[in-house]
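Contents: one structure, followed by commentary.
The values are calculated or read from the model by the stated rules, or taken from the named source; none is laboratory data. Because the structure is predicted, anything quoted here is derived from the model rather than measured. Reconstructed Cβ throughout: ideal geometry from the backbone, glycine too, with neighbour counts over all protein chains shown. We work out accessible area using only protein heavy atoms, side chains counted, and drop any ligands, DNA or RNA first. Shrake-Rupley method; radii C 1.70, N 1.55, O 1.52, S 1.80 Å.
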Amino acid sequence: MSNEALSNLSHEDRRFDPPADFAAQANLTAAAYEQADADRLGFWAEQAERLSWESRWDQVLDWSNPPFAKWFVGGKLNAAYNCVDRHVEAGAGEKVAFHWVGEPAEDARDITYAELKDEVCRAANALVELGVKAGDRVAIYLPMIPEAVVAMLACARLGAPHTVIFGGFSAEALSSRVLDCGAKVIITADGGYRRGAPSALKPAVDEAVAKVEAEQPGLVEHVLVVRRTGQEVASTEKDLWWEEVVGRQSSEHVCEFFDAEHPLYVMYTSGTTGKPKGILHTTGGYLVGAAYTHWGIFDLKADTDVYWCTADIGWVTGHSYMVYGPLANQATSVMYEGVPDAPHKGRWWEVIEKYKVTIFYTAPTAIRTFMKWGDEIPASFDLSSLRLLGSVGEPINPEAYVWYRDTIGGSRTPVVDTWWQTETGSILISPLPGVTSAKPGSAMRAIPGIAADVVNDEGESVPDGSGGYLVIREPWPSMLRTLWGDDERFKETYWSRFEGMYFAGDGAKKDEDGDVWVLGRVDDVMNVSGHRLSTTEIESALVSHPKVAEAAVVGATDEMTGQAVCAYVILREAAGDGGDDIITELRNHVAHEIGAIAKPRQIMIVPELPKTRSGKIMRRLLRDVAENREVGDVTTLADSNVMRLISEGAATST
Ligand code: WTA
């Protein structure tokens with residue numbers, strides 16, 4: 001973030017107190033901070049009571065071998081039982097778990113807890129028939145359809161860790177994840193709907209399976225395909241139709257209970273190297289974190305609220321706050337398949353009006369887009385059911401926060417700006433909606449039970465009014481346990497920067513009151529529309545193109561998407577000027593290698609890259625060019641002429 005933006009933030013002096021009636025009924029009160037401070041582990045043990053345990057734990061936390069934590073040691077539970085069966089057993093079978101809103105617009109249906117339980121049991125029985133056992137990995141590559149939730153819970157029920165891959169990722173990304181975690185089954189669909197039109201998924205799976213076969217023949221045993229769009233698909237000998245295999249199963253399945261530390265899922269996320277990291281979450285602690293925060297930060301009243309998280313199931317937000325948290329808490333949620341602007345730009349507000357949504361959770365990039373489209377669109381819908389709004393994924397600029405609160409929340413709803421990560425599993429820093437006098441743009445404080453801090457290069461806590469690195473000082477239940485198959489990288493990435501602390505990779509500032517302002521990544525990870533992308537991963541994708549000799553990627557500030565991908569590319573001599581379509585060709589190549597979300601906004605063909613004498617690319621200078629700033633200090637460059645050439649090139653190509 002630029003210095004100017006930083007100083008603007010520190011002048012922000014608006015405060016929004018929780019309305020008195022909200023505060024009076026809030027689930028979490030200020031007493032929770034004191035309680036957790038006085039006895040942190042006792043506080044977490046109390047939160048664990050939200051779940052149903054087959055056998056209780058003997059020890060809340062085993063931290064004898066840091067950074068490898070074990071929570072609720074000796075406890076046994078089943079995540080799917082906690083998300084569905086127990087609610088049905090408690091008599092809530094007829095309660096709606098999901099108002100599913102598909103595309104096209106008339107394609108919508110309600111799914112009760114009893115129906116969900118039957119489907120999950122059928123799918124679990126189907127997976128058993130396909131040979132899936134506890135510990136086996138299953139990859140899920142689906143659009144936002146109910147089968148995605150069913151598939152996740154069926155895996156959880158069997159103790160088979162799932163790895164959900166966002167449907168926007170390419171065949172290449174899919175195959176590398178399947179190989180990395182050794183998935184033996186892939187659950188997918190013929191396609192999904194995008195803006196009312198079918199969009200194929202299966203061809204990417206076929207391509208991915210072929211790649212996996214080439215590297216590890218026989219690894220993928222079956223591909224289970226949901227018929228969603230009815231479009232023509234090529235079939236291979238591994239393919240089976242979901243409706244046939246799942247459809248013929250019994251809706252009875254007696255679940256087994258697993259150790260609290262049994263792996264629940266692996267979610268891949270971008271790191272600072274080209275290889276995505278497989279974040280491992282385990283069962284007990286993760287579910288405690290997701291359930292507690294979903295109840296407390298969103299102030300969930302399970303009997304009356306209608307909750308909507310707009311995240312895709314392929315991201316961690318979809319896991320914790322669309323599936324595990326809400327279902328563990330017996331919430332009624334909206335699940336939405338489409339995009340915000342089809343069939344019209346008021347679609348989300350129409351859904352809120354129709355289902356009388358009370359709690360709404362989305363990302364700053366969406367909020368900024370709605371702001372741009374204009375106030376009259378939400379103004380033509382009845383949004384008076386809303387009582388709480390949430391934001392996640394990137395820093396929310398104060399203007400967007402205030403617009404969100406006023407225009408969507410009718411100047412009445414608390415807004416929770418929630419900071420967390422794939423790695424943290426659940427929200428760690430956020431206002432408490434019934435307690436905190438919130439400042440627009442600040443995630444405020446660590447929630448009860450969490451010890452967050454901002455430290456300097458030496459790992460010392462910075463005084464109020466100063467900036468540094470965001471760390472977590474004590475383990476927490478939903479923390480990642482390791483990186484799949486790579487304990488060393490886990491230690492190195494998160495625990496080596498500062499002794500005994502979890503290093504989040506974000507820069508942050510404590511204001512004069514000690515409230516936290518998260519400023520963004522301090523590593524080579526970009527945040528584009530709330531999606532994490534690695535500069536190195538995109539650089540490797542570009543360099544894998546036959547015409548490219550070298551590439552450097554930076555995240556430049558972008559008004560709409562937070563950051564945007566800007567790439568500088570040196571072509572191989574043999575490629576000449578690359579041809580007329582070189583930019584399109586390279587953008588498409590990145591989409592093919594990683595996914596459309598990683599397509600650079602801008603690609604500049606340059607003769608050289610700015611490097612230090614030791615050969616390190618100076619991304620800082622490239623960011624200056626991408627953000628149209630005067631180029632900073634170039635004295636450490638090996639060849640000081642380079643920046644002149646690049647700046648001239650940029651001026652002519654944009
Ligand atoms: C950023 C998404 C500022 C941050 C749940 C973090 C935020 C990364 C916020 C994790 C927030 C997330 N304010 N920044 N409220 N929430 N971030 O793993 O840089 O996709 O490290 O998890 O998003 O992204 P991830």
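Could you pull out the residue among Arg86, Arg109 that is open to solvent by 30 Å² or more (accessible area, probe 1.4 Å) and in a helix (DSSP H, G or I)?
Numbers: Arg109 fails: in a helix (DSSP H, G or I).
Step by step, each of Arg86, Arg109 is checked, and only Arg86 is open to solvent by 30 Å² or more (accessible area, probe 1.4 Å) and in a helix (DSSP H, G or I).
Restricting the search to helices (runs of 4 or more DSSP H) fully inside the range 242-356 and requiring at least 1 residues that are farther than 30 Å from Lys133 by Cβ, open to solvent by less than 10 Å² (accessible area, probe 1.4 Å) and within 16 Å of the ligand (Cβ to nearest atom) gives 283-296.
For the structure I just gave you, tell me whether Arg405 is within 24 Å of Asp17 (Cα to Cα), under 25 Å from the mean Cα position of the chain (by Cα), within 16 Å of the ligand (Cβ to nearest atom) and at pLDDT below 95.
For Arg405, the condition - within 24 Å of Asp17 (Cα to Cα), under 25 Å from the mean Cα position of the chain (by Cα), within 16 Å of the ligand (Cβ to nearest atom) and at pLDDT below 95 - is not met.
If you go through the range 211-229 and keep only what is touching a residue at least 12 places away in the same chain (Cβ under 8 Å) and in a helix (DSSP H, G or I), you end up with Lys211, Val212, Glu215.
Taken across the range 312-334, residues that are over 15 Å from the mean Cα position of the chain (by Cα) and over 18 Å from Tyr113 (Cβ atoms) do not occur at all. Quick one: in the range 477-505, which of the residues that are within 15 Å of the ligand (Cβ to nearest atom) and among the polar types (S, T, N, Q) is surrounded by the most Cβ atoms within 10 Å (Cβ to Cβ)? The residue in question is Ser478.
In the set (1) over 24 Å from Gly284 (Cα atoms); (2) touching a residue at least 60 places away in the same chain (Cβ under 8 Å); (3) not charged (D, E, K, R), the condition left unmet by Tyr404 is number (2).
Scanning the range 543-600 for residues that are crowded, with 16+ Cβ neighbours inside 10 Å, in a loop (DSSP other than H, G, I, E, B) and at negative phi yields His545, Lys547, Thr561, Ile594, Lys599, Pro600. I'd like to check something: does the range 527-536 contain any residue that is farther than 23 Å from Ile597 by Cβ, away from the ligand (no atom under 16 Å from the Cβ) and not in a loop (DSSP other than H, G, I, E, B)? The answer is no; no qualifying residue exists.
How many residues does the range 605-628 contain that are open to solvent by 50 Å² or more (accessible area, probe 1.4 Å), outside any strand (DSSP E or B) and among the charged types (D, E, K, R)?
Taking the range 605-628 as the starting set, the residues that turn out to be open to solvent by 50 Å² or more (accessible area, probe 1.4 Å) are 605, 607-608, 611, 613-614, 616, 620, 623, 628.
Remaining after also requiring outside any strand (DSSP E or B): 607-608, 613-614, 616, 620, 623, 628.
Cutting the leftovers down to among the charged types (D, E, K, R) gives us 608, 613, 616, 620, 623.
Total meeting the criteria: 5.
Taking the range 88-110 as the range and being modelled with pLDDT of 95 or more, of a type in the set (D, E, K, R) and within 18 Å of Glu147 (Cα to Cα) as the test, the residues that pass are Arg109, Asp110. Test Pro395 against the stated conditions and say whether it is crowded, with 22+ Cβ neighbours inside 10 Å, within 16 Å of the ligand (Cβ to nearest atom) and not in a helix (DSSP H, G or I). The answer is yes for Pro395.
State all residues of the range 506-522 that are within 12 Å of the ligand (Cβ to nearest atom), within 25 Å of Asp13 (Cα to Cα) and either of a type outside the set (Gly, Ala, Ser) or over 17 Å from the mean Cα position of the chain (by Cα) (or both); if no residue qualifies, say none. First the steps, then the outcome.
The initial filter retains those residues of the range 506-522 that are within 12 Å of the ligand (Cβ to nearest atom), namely 506-509, 516-522.
Okay, now just the ones that are also within 25 Å of Asp13 (Cα to Cα), so 506-509, 516-521.
Listed by number, the residues that qualify are Asp506, Gly507, Ala508, Lys509, Val516, Trp517, Val518, Leu519, Arg521.
With the structure loaded, tell me whether Val525 is among the β-branched types (Val, Ile, Thr), closer than 30 Å to Glu12 by Cβ, open to solvent by less than 20 Å² (accessible area, probe 1.4 Å) and at pLDDT 95 or above or whether it fails that test.
On the way: among the β-branched types (Val, Ile, Thr): yes; closer than 30 Å to Glu12 by Cβ: yes; open to solvent by less than 20 Å² (accessible area, probe 1.4 Å): yes; at pLDDT 95 or above: no.
Taking the combined requirement at face value, the residue does not satisfy it.
Just for the range 367-392: of the residues that are aliphatic (A, V, I, L, M) and within 16 Å of the ligand (Cβ to nearest atom), which one is nearest to Trp517 (Cα to Cα)? So, considering only residues that are aliphatic (A, V, I, L, M) and within 16 Å of the ligand (Cβ to nearest atom), the one nearest to Trp517 (Cα to Cα) is Val392. Close contacts from the range 459-471, counting a first residue that is touching a residue at least 40 places away in the same chain (Cβ under 8 Å) and a second that is open to solvent by 60 Å² or more (accessible area, probe 1.4 Å), with Cβ to Cβ under 6 Å and a gap of 6+ residues or different chains, come to Asp464/Glu512; Gly465/Glu512.
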